[in-house]
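Participant: Below you will find the structure I want to go over with you.
The values are calculated or read from the model by the stated rules, or taken from the named source; none is laboratory data. In this text, all values refer to a predicted model and were calculated from it rather than measured experimentally. Ideal geometry is used to build each Cβ from the backbone, glycine not excepted, and the neighbour counts take in all protein chains shown.
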Amino acid sequence: MNKIIFAALLGGVFTSAAFAVDFNPQQVELKDGTGLVVFEDGKTAMVDQYGHTMKMDQSAVMETKAGTQIAMNGNEVQRLQQFQKQTRAHK
Ligand SMILES: [Cu+2]
């Protein structure tokens, strides 16, 4: 069942370019316990302390655990959700 859903998503949502770009987003830990996910094109999405996607203003400024400031670049909630579904389907 999962594999059928996964295949449908691939066909409907991902072009071959997007598939390659999104394969290894980086995650930056933030001071408040949430995380900033940065895709390879520099666009960002947020996860809460449990790794679930959360919304944030597209230009919000956050503080990392290391104390530096970092700004949202977009709010790629759907893109991150697709990525999470995709990686779960492979496990
Ligand atoms: Cu944020």
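Participant: Residue by residue through segment 30-77, note down the ones that are small (Gly, Ala, Ser), closer than 22 Å to ARG88 by Cβ and modelled with pLDDT of 95 or more.
Facilitator: Within segment 30-77, GLY35, ALA45 meet the criteria.
Per-residue answers, yes or no, for (1) more than 10 Å from the ligand (Cβ to nearest atom); (2) buried (at least 18 other Cβ atoms within 10 Å of the Cβ):
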{"residue": "LYS43", "(1), (2)": "yes, yes"}
{"residue": "SER59", "(1), (2)": "no, no"}
{"residue": "MET62", "(1), (2)": "no, yes"}
{"residue": "LYS85", "(1), (2)": "yes, no"}
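Participant: Can you give me the number of residues within segment 65-87 that are closer than 17 Å to PRO25 by Cα, in contact (Cβ under 8 Å) with a residue 12 or more places away in the chain and of a type outside the set (Phe, Trp, Tyr)? Let's see the steps before the verdict.
Facilitator: Taking segment 65-87 and keeping what is closer than 17 Å to PRO25 by Cα, we get 70-87.
Next, only the ones that are in contact (Cβ under 8 Å) with a residue 12 or more places away in the chain stay: 70-77, 79-86.
Remaining after also requiring of a type outside the set (Phe, Trp, Tyr): 70-77, 79-82, 84-86.
Here the count works out to 15.
Participant: Give segment 64-83 a look and list any residue that's within 11 Å of the ligand (Cβ to nearest atom) and more than 13 Å from the chain's Cα centre (by Cα), or say none.
Facilitator: THR64, ILE70, ALA71
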